[in-house]
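Here is the structure we will look at, set down as structure tokens.
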Amino acid sequence: MPLYKHQSALPALPVPTLEETLPTYLRSVRPLVDDAAFAKTKKAVEDFVKPGSLGLELQKRLVAHKEASKTSWLIDWWNDYAYMAYRDPVVINVNYFFVFKDDKRRRLPAARAASIITGALEFKNLVVSEELTPDMARNSALCSHQYRFMFNSTRIPKIPSDVTRGADSKTNTHIVVLRHNQFFTFDSVHPDGRQLSAAEIEAQIQRIYETAGNSKETPVGLLTTENRDVWTKAREDLLAASPVNQKSLDAIETALFAVCLDDFSPVTREEASRACWHGDGRNRFFDKSLQFIIFENGKAGFNGEHSMMDATPTSRMCDWIVESITKDTLNYGPATVAPALPAPTKLNFNLTPALESTIAEAGKKFDAVIDAHDVRVVAFEAYGKKAIKKFGVSPDAYAQMAIQLAYYKMYGVCRPTYESAQTKKYAYGRTETCRSVSVESVEWVKAMEDTSVPLKVKGELGRKACQSQSSYMAKCIDARGVDRHLLGLRLVLKPDEPKPSLFTDPTFSYSCHWNLSTSQIPSENYEGYGWGEVVPDGYGIAYMVKENSLQFNLASLKLNNHHFQAYFHEALHEMKLAFEAAPPPPKAKL
């Protein structure tokens, strides 16, 4: 099935009814606030839908906007609101990472880089030729629009909102490689159109190692770690300073993807996670949609820019690359190197003293931000998906409840939790917020910490909590969550109109203050996956439910992650005992 075959047949993203969204919203906030606050929220909801209210008018406007949209009523708003108009740095706040499973056969970095580049080029060929099958869900094709921004794509800083620069993959076949803060480029194909073999790519990478030597140059890539307005001005200055800079930036921005050859050798899970998440910020260009990172000891990973692609397509790509390397199914080509292979080109920059100063300042800011963060990895290997399925619950919902229980153990309270749900069953669908805290989950975590509650009851309550989570997730996948709908209603409000009390109610802002920002990528081919917190007093929790293990990446502004890590282990052990004590009822025979 070709990649875009079903694209035109996908349904448009619906606008839910207020009759569905508002009761769901009330149920989602009920466990987060006390009775007095909830009574105020309930009244605000009632006022929103009174006859003649502004709320009903906003719903009419949103439906009219949807009818007038050629793509999706949300996509342009979302891309701007959530990403392009966002002015904070993309590192920590936007970009995400994967740490790849080790390749025992290729411990030398040049060989490791060559195999990953070969895999990326093969995947690119599938995307460009449209031979790649669409992402699927229960035998139905999902939206493939995001694949158009995978290769030759770069986020460009602009005021007031960034833009995406794309280039034709058929004519822009070069790769950009970073080593010791220097930029190099080489073509991935011969003049006759043949793709470079893995041996030839390895030879090019080796040449870059040799040319770059041991001296580090001024790290122009640091500018991509800056506030977007600062980077906008710096990019304008960079372009104005010299035609050389224009040529170099053009080569970087139009490249298929970036490859970062680091001089660091991460050993622990935490070291590898931090190195792929941010590194030292210097040997990177964080605006590239795809950055593959190769370390001195042969470890490798990936860093993705999030604005036009969620992690689903990039994870599919990276999973495919690592799986193909593991199973040895890549076409590496002949082991010989063409004698006339042109050497990689170094991309130079002519920097003014003002630009040197801006880069130095960016480095200070970046180092301070990184120093303020902590990352811990919960690598729980006692059981995984295989065992959880026997408990009769969704492995994802189970992992979400582990997050709730670990947090409750640490803080004695449940706080707003965001889980990313994909809405790609619809054309141009991206995500919806699955609100993980429910009346059922709060009742369960309290029971788990109450020694007077029998183990069997704890298990039964846990099953109800998981079912509540799965039910909300199903609604979100069907674009019937509350957060995107409420966002749309706010965005059709005119500047001179008063905000309805629904949106000024303290419960509303609190319920969107994501103390826990979470998402799962299921892959046996990763040793790490993550991103940063979205609020200063919160955690970014990326997790993987593997066949026989679970892994959670905990990132925060030093909120005692080591304690949180310990509570995860405690929670997961206790959950197993509770769920085993309350086995699921036998399925009825038809």
If Pro191 satisfies all but one of (1) surrounded by fewer than 23 Cβ atoms within 10 Å (Cβ to Cβ); (2) within 30 Å of Pro353 (Cβ to Cβ), what's the number of the condition it fails? (2)
Has segment 448-467 got at least one residue that is in the same structural domain as Val413 (by TED's automatic domain parsing), surrounded by fewer than 20 Cβ atoms within 10 Å (Cβ to Cβ) and touching an Asp or Glu at 6+ places or on another chain (Cβ under 8 Å)? yes
List, please: which pairs have Cβ atoms under 6 Å, are six or more places apart or on different chains, and start with a residue in segment 55-77 that is over 15 Å from Tyr428 (Cα atoms) and end with one that is in a loop (DSSP other than H, G, I, E, B) and modelled with pLDDT of 95 or more? Gly55/Val49; Gly55/Pro500; Leu58/Val492; Arg61/Val492; Leu62/Val15; Leu62/Val492; Val63/Val15; His65/Trp73
Restricting the first residue to segment 565-586 and requiring it to be in contact (Cβ under 8 Å) with a residue 12 or more places away in the chain and aromatic (Phe, Trp, Tyr), which pairs with a second residue that is in a loop (DSSP other than H, G, I, E, B) and surrounded by fewer than 18 Cβ atoms within 10 Å (Cβ to Cβ) meet a Cβ separation below 8 Å and a spacing of at least six or different chains? none
Do you know which residues across segment 566-585 are over 20 Å from Val534 (Cβ atoms) and not aliphatic (A, V, I, L, M)? Tyr567, His569, Glu570, His573, Glu574, Lys576, Phe579, Glu580, Pro583, Pro584, Pro585
Only one of Gln246, Gln206 that is in contact with a helix residue (DSSP H, G or I) (Cβ under 9 Å, 6 or more places away or on another chain) and either closer than 18 Å to Pro157 by Cβ or assigned to a loop (DSSP other than H, G, I, E, B) (or both): Gln246
Can you tell which of Val29, Val33 is buried (at least 20 other Cβ atoms within 10 Å of the Cβ), more than 30 Å from Leu142 (Cα to Cα) and at pLDDT 95 or above? Val29
Restricting to segment 469-485, give me the number of residues that are over 10 Å from Cys434 (Cα atoms) and crowded, with 20+ Cβ neighbours inside 10 Å. 3
For segment 422-434, the count of residues that are surrounded by fewer than 24 Cβ atoms within 10 Å (Cβ to Cβ) and farther than 20 Å from Asp80 by Cβ equals 1
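Answer with yes or no whether Arg87 is crowded, with 16+ Cβ neighbours inside 10 Å and either touching a residue at least 60 places away in the same chain (Cβ under 8 Å) or acidic (Asp, Glu) (or both).
Details: crowded, with 16+ Cβ neighbours inside 10 Å: yes; either touching a residue at least 60 places away in the same chain (Cβ under 8 Å) or acidic (Asp, Glu) (or both): yes.
Yes: the conditions hold for Arg87.
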Extreme residue, farthest from Phe123 (Cα to Cα), among residues of segment 2-49 that are part of a loop (DSSP other than H, G, I, E, B) and charged (D, E, K, R): Asp34
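Can you confirm whether segment 269-289 contains a residue that is part of a helix (DSSP H, G or I), in the same structural domain as Gln204 (by TED's automatic domain parsing) and acidic (Asp, Glu)? Steps first, please.
Filtering segment 269-289 down to residues part of a helix (DSSP H, G or I) leaves 269-277.
Applying the additional criterion that residues be in the same structural domain as Gln204 (by TED's automatic domain parsing) yields 269-277.
Then drop every residue that is not acidic (Asp, Glu), which leaves 270-271.
Within segment 269-289, one or more residues are part of a helix (DSSP H, G or I), in the same structural domain as Gln204 (by TED's automatic domain parsing) and acidic (Asp, Glu).
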Hits in segment 210-243 (condition: under 15 Å from Phe286 (Cα atoms) and outside any helix (DSSP H, G or I)): Pro219, Glu226, Asn227
Search result, residues across segment 50-65 that are polar (S, T, N, Q) and either under 30 Å from the mean Cα position of the chain (by Cα) or in a helix (DSSP H, G or I) (or both): Gln59
Which pairs turn up if I take residues in segment 132-150 that are touching a residue at least 40 places away in the same chain (Cβ under 8 Å) and look for partners that are of a type in the set (Phe, Trp, Tyr) with beta carbon separation below 6 Å, at least 6 apart in sequence or on another chain? Ser144/Tyr4; His145/Tyr428
Cβ pairs under 6 Å, 6+ apart, first in segment 435-459 and closer than 24 Å to Met473 by Cα, second at pLDDT 95 or above and surrounded by fewer than 16 Cβ atoms within 10 Å (Cβ to Cβ): Ala447/Val453; Gly459/Ala581
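Would you call Thr154 in a strand (DSSP E or B), assigned by TED's automatic domain parsing to the domain that holds Phe257 and over 27 Å from Asp263 (Cα atoms)?
Criteria not met by Thr154.
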In this structure, is Asn561 in contact with a helix residue (DSSP H, G or I) (Cβ under 7 Å, 6 or more places away or on another chain) and of a type in the set (S, T, N, Q)? no
On the basis of being over 24 Å from Tyr147 (Cβ atoms), surrounded by 17 or more Cβ atoms within 10 Å (Cβ to Cβ) and more than 24 Å from the chain's Cα centre (by Cα), does Pro23 make the cut? no
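Condition check ((1) within 24 Å of the chain's Cα centre (by Cα); (2) farther than 24 Å from Phe151 by Cβ; (3) modelled with pLDDT of 95 or more) across all residues:
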residue: Thr232; (1), (2), (3): yes, yes, yes
residue: Glu236; (1), (2), (3): no, yes, yes
residue: Val259; (1), (2), (3): yes, no, yes
residue: Glu270; (1), (2), (3): yes, yes, yes
residue: Ser273; (1), (2), (3): yes, yes, yes
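Are there any strands (runs of 3 or more DSSP E) wholly within segment 489-548 with 2 or more residues that are among the acidic types (Asp, Glu), out of contact with any helix residue (DSSP H, G or I) (no Cβ under 9 Å at 6 or more places or on another chain) and surrounded by fewer than 17 Cβ atoms within 10 Å (Cβ to Cβ), and if so which? Before you say what the answer is, go through the steps one by one.
Working: elements: 516-520, 526-530, 539-545.
It comes to none.
The values are calculated or read from the model by the stated rules, or taken from the named source; none is laboratory data. Keep in mind the model is a prediction, meaning the values are calculated, not measured. Cβ sites come from the backbone with ideal geometry, for glycine too, and all protein chains shown count toward neighbours.
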